[in-house]
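Note sheet for the following structure.
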Amino acid sequence: MDVDFALTAFLTGWLAATVRLAGPLLLAALGELFAERAGVLNIGIEGVMLLGALVAWWAAWSTGSLWLGMLGGMAAGLTAGGFLGFMYVTAQASQVVVGVIFNIFALGLASYAYRLILGGASGAQTAVMFSVLPIPVLSEIPFLGPILFRHTPLVYLTALAAAVAWFVLRRTAFGLNLRAVGENPRAADTAGLDVTAYRYAGVLISCVAAGAAGAYLVLAQVGQFRETVVSGQGFIALAIVIFGRWDPLRATIAALIFGAADALQLTLQIFTSGVPPQLLLALPYLVTILAMSGLIGKADQPESLMVPYSRE
């Protein structure tokens with residue numbers, strides 16, 4: 001009986017943490033899907049997530065409003081998206097180089113701005129955080145209730161965002177046109193589509209989602225800002241897009257896999273497992289390397305991904 005109870009407690013804790021930790025990864029990956037479907041590889045989402053986390057923390061910390069914090073993170077993403085969109089689409093600079101440099105710049109800017117905001121204050125400043133919002137009746141279902149229906153509102157909104165992203169990309173004219181631009185911009189242009197506008201739209205959606213994901217980390221998971229709050233999750237989101245074969249529903253499953261790997265090391269530490277936590281902590285990054293290497297999902301990537309386009 002004790003063994004069954006311990007096993008149930010372990011599985012419940014692990015799977016609930018999986019859903020919770022997969023949230024910001026999925027949110028950033030859903031946004032990146034729009035950019036890559038339009039033909040733009042936005043490596044800068046790591047830096048955008050960090051800036052979104054900083055602004056969200058500052059807004060929530062100074063006003064006490066969680067939703068102003070979320071809006072602040074999204075606004076930071078929108079601002080960064082305007083710059084990155086110009087560099088990727090208008091200037092047609094190398095998307096890889098611009099993204100990497102932007103991530104370095106964002107780290108320096110966030111670090112400086114954080115110290116400037118704190119002034120002479122000492123110690124970490126905690127912002128308000130979203131509380132768990134159990135769904136009536138469903139949250140009381142044995143085993144499944146705690147796993148799926150006892151989370152913060154951001155988890156439920158992220159799940160809704162995945163369904164909306166699938167619908168937009170698969171069932172709307174905007175999604176069809178965006179995909180056409182990413183597959184064959186020349187043919188799309190000939191058909192009367194504004195390739196530049198659609199690529200800007202993809203980048204902006206990507207950055208707004210990344211800013212929201214950064215806000216998610218601060219307002220629902222950590223409660224504080226620190227320079228390491230993102231800690232490579234932007235790159236994991238890039239891998240999720242590849243692992244999910246550029247499809248929102250498959251990306252959702254991929255995000256849960258990455259979240260499970262991350263949650264496993266946390267849960268095993270709680271249950272005093274003999275497995276070194278450092279080994280388990282490396283699992284998401286190992287899967288990231290495999291996905292980013294192109295071994296997973298390579299055949300389904302948009303044909304004109306990372307290919308600049310200019311009207312002749």
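Here are some notes:
- Solvent-accessible area of the chain (1.4 angstrom probe, protein heavy atoms only): carbon and sulfur portion equals 70 percent.
- Amide hydrogen proximity for L133: with H placed 1.01 Å from N in the peptide plane, the residues at 5 or more positions away or on another chain lying under 5 Å are H151, T152.
- Kirkwood Rh and Cα Rg combined as Rg over Rh, evaluated for segment 191-251: 1.09
- Size of charge dipole - the chain - debye, nearest 20, with Cβ of Lys, Arg +1 and Asp, Glu -1, no other charges: 280 debye
- Percent RCO, i.e. relative contact order, over the chain, from Cα pairs under 8 Å lying at least 6 residues apart: 36 percent
- Average Cα contact separation per residue, segment 1-82, under 8 Å, 6 or more apart, as relative contact order %: 20 percent
- Annotation: per residue accessible area for segment 107-202 equals 55 Å², rounded to a whole number [probe 1.4 Å, protein chains only].
- Relative contact order (%) - criterion: Cα under 8 Å, at least six apart; region: segment 60-191: 17 percent
- Here the spin labels are modelled as points 7 Å beyond Cα on the Cα-Cβ line, and at V128 and V164 they lie 2.2 nm apart.
- Segment T190..R171, full-extension length gain: 4.6 nm, with 0.36 nm per residue of separation and the alpha-carbon distance subtracted.
- Total charge dipole magnitude, segment 140-205, about the Cα centre, Cβ charges on Lys, Arg, Asp, Glu only, Debye to nearest 20: 60 debye
- Where labels lie 7 Å past Cα in the beta-carbon direction, separation of Q224 and I117 in nm: 1.4 nm
- The sum of -39500 (n - 2.57) across all DSSP H runs of n ≥ 4, divided by the residue count of the chain, sets its helix-only mean residue ellipticity at 222 nm to -22500 deg cm²/dmol.
The values are calculated or read from the model by the stated rules, or taken from the named source; none is laboratory data. Small disclaimer: the values here were computed from a predicted structure and weren't measured. Backbone-built Cβ (ideal geometry, glycine too); neighbour counts: all protein chains shown. Quick note on the areas: whole protein, heavy atoms, side chains included, nothing else; ligands and nucleic acids left out. Shrake-Rupley method; radii C 1.70, N 1.55, O 1.52, S 1.80 Å.
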